[in-house]
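For reference, the structure is listed below as structure tokens.
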Amino acid sequence: MVAQLKDFLHALAHALRNLLPIVVVVVGFQALLLREWPEGGFGMAMGLMIVAIGVALFLQGLELSIFPVGKRLANQFTRRGSMPLLMLFGFAIGFSAVVAEPALIAVAEQASTISEGRIDALTLRLIVASSVGLVMALGVFRVILGHSLHWYVIAGYMIVVLVTFFAPEEIVGLAYDSGGVTTNIVTVPLIAALGIGLASSIRGRNPLVDGFGLVALAVMVPMISVQLYGVLVYADPGTMASGTELLFTEADMTPPAGWVTMILDLFGMLRDVLPILLVILFFQYVILRRPLADPLKVGVGFALVIVGLYAFVIGLKLGLFPIGQSMAEQLIGFDSWAWIYLFAFCIGFATTMAEPALIAIGNQAEEAAAGKIQGNIIRLLVAVGVAIGITIGVHRIITGDSIHHYIIAGYLLVILLTALAPRYIVALAFDLGGVTTSEVTVPLVTALGIGLASQIDGRNVLIDGFGLIAFASIFPIVTVMGYAILVEKLAQPGDKTA
């Protein structure tokens, strides 16, 4: 019990440390520029604390249940050497993890609210989860056969660009945001561990070249499937939602009242996490026919996951969503747009530098690269890329430009860099683009975009409010591959003289 309490306090301190850059940026802008305490500031502060507690409980639950069980299953299937079983396991883990992803739940609910129910939240989540499941099966297939990620990525993003060209503008930003939030607090550790574990256990595979890349594919395919879903949804010439209403009413920003409501909400969280539990139990008892190592510990872990998810969602409504919208509303009141650009850049850089998934991937890459890559440089490059991406995304909202042109141009640049970049950096660069959107960054950035779109005349929240997460995913790929190309070019003259 004492060890578990210490682990929880450590996780809570970790979550608070991840929130600290956001607090520093927001307080700095409030004190130095706006010079006023935001309306409802105490509620926002309480919301941030609830988010931290929820994330800590959630992570503690993952460490007790999902992570150890998932790793043991992956190792057992790898030792069996059965490709169909590995692909089936990859699909099941990808699907179940994404269905329960907190950031995807938040974005889906926002999309449903803003579109007045035209986009169904559950349908959107099932489409994204199925896409990630298929991607995981495909990624396992690629690692086992040793195929180069270059061709998967180039072909995939050419399809993304083609679909974007024909997709309705109401769905494009949401589709790219949905792809960005699939790789987050639950999925990144599981996906990365599966890919690197496979590459390490197969003779002739390189963990850096072959082990990374599953996260990249998990981001790419949902972009295609959600846009195709949008084509079907908006083929019906029904009434368009105006998109001018805010995400939450004042009543929504208060915690659920009463024990009955709270219990019903907890059961809703249980429904979200249940797919992961069922997948694990099915593969453990039916396929492998082995009992769980510690059923009580796993059960407690799942209970903590559910309670943590509940606290996380409540904290989002009280803290991060209002902060993003409030800052957008206040900064728009200034005569110059420069402050909004500066706030977007600072928030993008600060939150990314503290992103735990990025730190973990950077450390794994440094170990696998054997001196070719430094984790701190990778983090800096990714943070700069996210900051640039969010700033460009904010510029698009302010000007009202079509997201089609930005996205198509961005991914054409990515495709070009993929063809030119050293082979060792490609999979890692795409994975880094996928881990930049954390459980804290996604709600805040989404709320910022929606807040701007709702405050600027002539903007539609559904069309213009979404998309910032997409920009936060594209530009880290550009900065990392651009850096690798530059380093390789600078190193060539020295190699020749040697």
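Accessible area of I263, 1.4 Å probe, to the nearest 10 Å²?
Approximately 80 Å² for this residue.
Please work out how much accessible surface L274 shows to a 1.4 Å probe, ignoring ligands, DNA and RNA, in Å² rounded to 10.
It works out to around 70 Å².
If you count, for each residue, the other Cβ atoms within 10 Å and average over each peptide, how do 453-460, 404-411 line up from highest to lowest?
Packing order, densest peptide first, comes out as 404-411, 453-460.
In nm, give the distance between the simple-model label positions of A409 and Q374, each being 7 Å from the Cα along the Cα-to-Cβ direction.
Placing both labels 7 Å beyond Cα along the Cβ direction yields 3.3 nm.
The values are calculated or read from the model by the stated rules, or taken from the named source; none is laboratory data. Model, not experiment: these values are computed from the prediction. No Cβ is skipped: glycine too gets one built from the backbone with ideal geometry, and neighbour counts run over all protein chains shown. These accessible areas exclude ligands, DNA and RNA; they are computed on the full protein's heavy atoms, side chains included. Shrake-Rupley method; radii C 1.70, N 1.55, O 1.52, S 1.80 Å.
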